[in-house]
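Notes follow the structure.
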Amino acid sequence: MKVIMVVQRLIRPLASRKVRVALATVAAAFAAEFGLDVSDELVFTILGVGVALILGIAHEDAGRSIAGESRDVR
């Protein structure tokens, strides 16, 4: 397998809004936990908002597929 194909396969999931939100949420939680001096409450808040946003996107995608609209991953 060529290197370009491997890189494309690794980058392909980043087209999904849910994956980008999940990565941003985890990165913010790690930064808050290990890089910044913040409380556990803030870390849980960051994770909770990320999960809520991912669920909202999933709900929006499900409603779009029920309505028969085309699926857009942006």
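Things to note:
- Residue by residue, region 45-61 carries 3J(HN,Hα) couplings of 5, 4, 5, x, 5, x, 5, 4, 5, 5, 5, x, 5, 5, 5, 4, 5 Hz when phi is fed to the Karplus relation 6.51 cos²θ - 1.76 cosθ + 1.60 (θ = phi - 60°); x denotes Gly or Pro.
- Over the chain, DSSP H runs of length four or greater, each weighted -39,500 (n - 2.57), average out per residue to a 222 nm ellipticity of -23000 deg cm²/dmol.
- Cβ-placed point charges (K, R +1; D, E -1), dipole of the chain about Cα centre in debye, nearest 20: 660
- Relative intensity of region 15-67 on a log10 scale, I(q)/I(0) at q = 0.16, 0.17, 0.27 Å⁻¹, equals -0.51, -0.55, -0.97, per a Debye sum over C-alpha point scatterers of equal strength in the absence of solvent.
- Label separation (Lys18 vs Ala67): 1.9 nm, computed from points 7 Å beyond Cα along the C-beta direction.
- Residues Ile54, Ile66 arranged by fewest to most Cβ contacts within 10 Å: Ile66, Ile54
- Listed residues Ala32, Ala22, Val6: farthest to the positive end of the dipole of the chain (Cβ charges): Val6
- Take every Cα pair under 8 Å whose residues are at least 6 apart in sequence, average their separation, divide by the length of the chain, and the relative contact order is 36 percent.
- For region 13-25, backbone phi angles converted through the Karplus equation (6.51, -1.76, 1.60; θ = phi - 60°) give residue-by-residue couplings of x, 5, 6, 7, 5, 5, 5, 5, 5, 4, 5, 5, 5 Hz, Gly and Pro being listed as x.
- Note on His59 and Glu33: the extension gain reaches 6.4 nm, defined as 0.36 nm multiplied by sequence separation minus the Cα-Cα distance.
Coordinate-derived values only; no laboratory data. Since this is a predicted model, take the numbers as computed values, not measurements. In this analysis, Cβ positions are derived from the backbone assuming ideal geometry, glycine residues included, and neighbour counts consider all displayed protein chains.
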